[in-house]
Amino acid sequence: MSEMANESTSRAQQAGQTAKQEASATVGQARKGASQVAGTAGDQVRAVTGEARAQAGAMAGDLRTRVTEEAESQTRRGAQVMRQWADDLSGLADSADADSPARSLVTQAADRGHRAADYLDTRGAGGLVDDLQDFARRRPGAFLGGAVVAGFAVGRLAKAGSKANGSGSGRPERTAGAPNLPGDAAPELREA
């Protein structure tokens, strides 16, 4: 029986070694497969990231082109409006008396309007921005002062325009002595 026990032990040891070798081979294959999956996933992530960057760059380029085209279009429209105003001023100057001091002022304003319209036509929005940047670098105090004055003027014009259109507060103005009706305007104001 000892021979049989030795043989069983030997077979068991061989089976154990075979199982150990197969387990080791399986672990090796699993590691290799995991490494390949990780490598493939990394390649896919890099490809998707590269594609996203390319699309973002293309979208940014398209947006930049659209903004530039819109700015140029608005500049051309501004030049047309300025030229029309200058033509109107020239017409006023032509119909004024020859010795009138107002005529010379209106003529100067019309000439400056024509020059400004020509400048906008030739330089465009890009030239205007370049000139503003150059002026801001050379004279920052004057640029900031002009920006404040321009902002104030635009604000006042917008406020005056909203009052002229009747979209001030959305409520009719009350007159002195008008009755105070809750949630309702005075009868005289309802028909106005």
Using 0.36 nm times the number of residues separating Ala109 and Thr49, minus their current alpha carbon distance, what extension gain do you get?
15.9 nm
Provide the per residue accessible area, probe 1.4 Å, for the range 2-155, rounded to a whole number of square angstrom.
77 Å²
Given a 1.4 Å probe and every protein chain left where it sits, what share in percent of the accessible area of the range 1-138 is carbon and sulfur?
56 percent
Taking R0 as 22 Å, what FRET efficiency do you get between Gln84 and Asp118 from their Cβ-Cβ distance, rounded to the nearest 0.05?
0.95
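The values are calculated or read from the model by the stated rules, or taken from the named source; none is laboratory data. Bear in mind that the values here come from a model prediction, so they are computed numbers and not experimental data. Positions of Cβ are backbone-derived with ideal geometry, glycine not excepted, and every protein chain shown enters the neighbour counts. Just so you know, the surface numbers come from the protein's heavy atoms only, side chains and all, with ligands and any DNA or RNA stripped out. Shrake-Rupley method; radii C 1.70, N 1.55, O 1.52, S 1.80 Å.
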